[in-house]
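Heads up, the thing below is written out as structure tokens.
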Amino acid sequence: MYTELRSPNVHEPKTVGEYSDTVINYKGNINSLWAGGTFIMSRKDFYPSPTTNVEIINLKDIEELYRLQRNDRYAEIGSMVSLNDIAQLGKNIFPKTIISAIEHTACRMLRERISIGGTLCTQGFTSSVASVLVLLDTAVELIIPKRRNYARKWLHASRLYDKNGRLTLNTNYKNALVSKLRIAIQNFDFEYFNTSGDPMLEPEASVSLATVAKLDQNGIANARIIITFPSRGFVYNRDIDNMLGSLQLPADDIRCKEVEKFILAFIRDNIGKITPIQEARLKGMMNDMIMTLNQHILTL
């Protein structure tokens with residue numbers, strides 16, 4: 001079909017050290033190297049094609065990236081663990097928001113092929129799973145290649161992205177590999193996750209919203225909210241959290257409109273104008289989220 005298409009070189013490191021050597025010693029354009037299959041599944045007609053004739057790094061033989069371990073405070077998950085395995089293993093220990101985000105990402109067959117590391121590091125596409133991991137204060141370990149060696153560095157998942165949720169990992173940490181995630185085992189009084197539209201097929205029409213909070217009889221003690229637009233990034237800011245936390249519950253329609261207006265203005269000022277269908281869907285989610293909050297506070 002493509003007369004000039006050559007077969008790509010496939011690099012198969014067995015350890016993170018070999019991965020480091022591969023990217024450090026590679027003589028071609030390092031931007032043409034990619035690893036795993038999550039990215040290719042999120043792009044229509046990505047490969048094979050003459051414009052995406054890239055080298056491949058296959059991470060399947062690096063045992064470290066498949067490890068799972070936990071204690072009473074957190075679970076550490078290798079970056080090659082599939083979304084489906086995380087949903088099954090974490091159903092009784094992780095916050096419901098991350099399980100819901102995973103289950104809404106794709107059918108079970110596809111979730112078995114999507115790695116958690118690939119979900120975090122897909123260029124030009126932000127998944128609701130990635131944004132929920134940021135919301136939950138997930139820590140990420142990076143392998144940073146160096147000449148004849150490599151370094152390990154832990155950082156907050158939000159530092160993989162810029163302030164508007166666009167991936168900047170390769171800009172800040174050249175050729176770094178996400179090796180594991182540390183998800184805290186924590187309980188919230190209120191959790192909400194909702195998504196609308198198909199993020200893979202219609203990224204310009206899709207939107208998702210996730211909220212976690214602590215509640216008491218006086219209202220919201222600590223709230224966090226994140227909104228994801230797959231092709232744009234995510235919106236996550238303390239000003240929005242504080243706006244939601246200042247709500248007197250149960251909130252009436254007037255207060256709901258004030259929150260809605262504030263959030264939409266923040267979105268326009270930071271990531272730009274969203275599509276009318278995204279705005280309509282987001283308004284419906286925010287209204288549903290606040291009504292659900294009202295119900296929760298009335299049962300305390």
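The values are calculated or read from the model by the stated rules, or taken from the named source; none is laboratory data. This structure is a prediction, so every number in the text was calculated from the model and none was measured. No Cβ is skipped: glycine too gets one built from the backbone with ideal geometry, and neighbour counts run over all protein chains shown.
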Exercise. What about Asn222, is it within 15 Å of Leu135 (Cα to Cα), exposed (fewer than 14 other Cβ atoms within 10 Å of the Cβ), modelled with pLDDT under 90 and in contact with a strand residue (DSSP E or B) (Cβ under 9 Å, 6 or more places away or on another chain)?
Worked result: yes
For this session: Answer yes or no as to whether Asp241 is surrounded by fewer than 16 Cβ atoms within 10 Å (Cβ to Cβ), closer than 26 Å to Asn187 by Cβ and in contact with a strand residue (DSSP E or B) (Cβ under 7 Å, 6 or more places away or on another chain).
Result: no
Problem set entry | Selection from the range 69-108 of residues that are over 23 Å from Phe188 (Cβ atoms), touching a helix residue (DSSP H, G or I) at 6+ places or on another chain (Cβ under 7 Å) and not in a helix (DSSP H, G or I) | Gly78, Ser79, Met80, Val81, Ser82
Exercise. Are any of the residues in the range 130-146 among the small types (Gly, Ala, Ser) and surrounded by 20 or more Cβ atoms within 10 Å (Cβ to Cβ)?
Worked result: yes
